[in-house]
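K.L.:
First the structure, then my questions, so here it is.
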Amino acid sequence: MKLRQLFSVLFAALLMTVAAPGPAQAAGIPPGPYVSPWGTAQVEWAPSFKARLAEQAVAVTPIAPVTLLPDDRGIISDIGSTSGDYIDLENFGRVYYPGGVTLTNPQTSGSWTMDEFWLRFWPDRGLSSELVVNGVKSPTEQLFCSYTLRDAFGVGWGLTFGGIKTAKVPLTLTEVGADTLNDALGTSFQAGEPFGVLSGTFRYIP
């Protein structure tokens with residue numbers, strides 16, 4: 001078995017690994033275990049995405065526990081069951097993450113916020129949130145960027161001290177993602193354009 005295939009199988013198995021549960025949901029089936037007790041995840045903005053934000057002088061404000069990467073290259077957060085992340089057993093196929101980011105155009109005061117978001121595996125693949133656009137929160141979860149399974153299980157998986165690092169997974173804007181960003185920020189994004197690159201590390205030793 002090739003190393004990439006091995007890590008793909010291991011990743012699937014890790015989704016069912018029992019770890020300490022995250023915070024309880026308000027209703028429905030209780031949250032399930034997370035992939036690991038500790039770790040980090042980050043989204044590094046695509047150069048074209050960052051350039052569009054710079055054109056409009058967009059301010060990027062993280063929402064804890066999410067923080068900014070050096071030079072505002074993107075966002076990063078501690079992840080793991082100890083950080084409140086968990087697999088959603090009621091709508092299996094997604095993982096919950098606290099925190100997020102707000103993008104604000106200071107010239108128009110328009111804003112785009114994802115505060116609490118989901119990494120979706122099935123049937124949709126990507127990042128989703130109940131987006132807040134210009135102060136109005138969506139009543140439903142919206143998939144604002146997507147990825148392919150081929151990229152998710154591509155080159156880049158490997159072992160680190162006490163854990164596993166993931167592949168670097170390209171994220172592209174969905175139609176919803178492009179439209180909401182444009183409405184909020186006065187940008188001209190289009191569906192299919194690069195959003196960033198998602199990567200992370202699952203740790204089993206603190």
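K.L.:
Which residue out of ALA184, ALA191 is hydrophobic (A, V, I, L, M, F, W, C) and surrounded by fewer than 16 Cβ atoms within 10 Å (Cβ to Cβ)?
P.N.:
ALA191
K.L.:
Would you list the strands (runs of 3 or more DSSP E) that sit entirely within the range 89-206 and hold 1 or more residues that are at pLDDT below 95 and either over 20 Å from SER36 (Cα atoms) or hydroxyl-bearing (Ser, Thr, Tyr) (or both)?
P.N.:
94-105, 158-160, 194-203
K.L.:
Among all residue pairs at least 6 apart or on different chains, which show Cβ distances below 6 Å where the first residue, located in the range 86-108, is within 16 Å of LEU143 (Cβ to Cβ) and the second is modelled with pLDDT under 90 and of a type outside the set (Phe, Trp, Tyr)?
P.N.:
ARG94/ASP88; TYR96/ASP88
K.L.:
A follow-up question, please. List every residue pair whose Cβ atoms lie under 6 Å apart, where the two residues are 6 or more positions apart in sequence or sit on different chains, the first residue falls within the range 121-138 and is more than 23 Å from ARG150 (Cα to Cα) and without any contact (Cβ under 8 Å) to a residue 24 or more places away in the chain, and the second residue, located anywhere, is part of a loop (DSSP other than H, G, I, E, B) and of a type in the set (S, T, N, Q).
P.N.:
Short answer, once both residue conditions are applied: GLU130/SER138.
K.L.:
Looking at the range 14-45 only, could you name the residues that are touching a Leu at 6+ places or on another chain (Cβ under 8 Å) and either at pLDDT 90 or above or assigned to a helix (DSSP H, G or I) (or both)?
P.N.:
SER36, ALA41, GLN42, VAL43, GLU44, TRP45
K.L.:
In the set PHE189, PHE195, which member is closer than 23 Å to LEU149 by Cβ and not basic (Lys, Arg)?
P.N.:
PHE195
K.L.:
Related question: Of everything in the range 118-149, what is surrounded by fewer than 18 Cβ atoms within 10 Å (Cβ to Cβ) and either of a type in the set (Gly, Ala, Ser) or in contact with a Cys (Cβ under 9 Å, 6 or more places away or on another chain) (or both)? Give them in sequence order.
P.N.:
Once the filter is applied, which keeps residues that are surrounded by fewer than 18 Cβ atoms within 10 Å (Cβ to Cβ) and either of a type in the set (Gly, Ala, Ser) or in contact with a Cys (Cβ under 9 Å, 6 or more places away or on another chain) (or both), the range 118-149 yields GLY135, SER138.
The values are calculated or read from the model by the stated rules, or taken from the named source; none is laboratory data. Here the structure is a predicted model, which is why all the values come from computation and not from measurement. Every residue, glycine among them, receives a Cβ derived from its backbone with ideal geometry; neighbour counts consider all protein chains shown.
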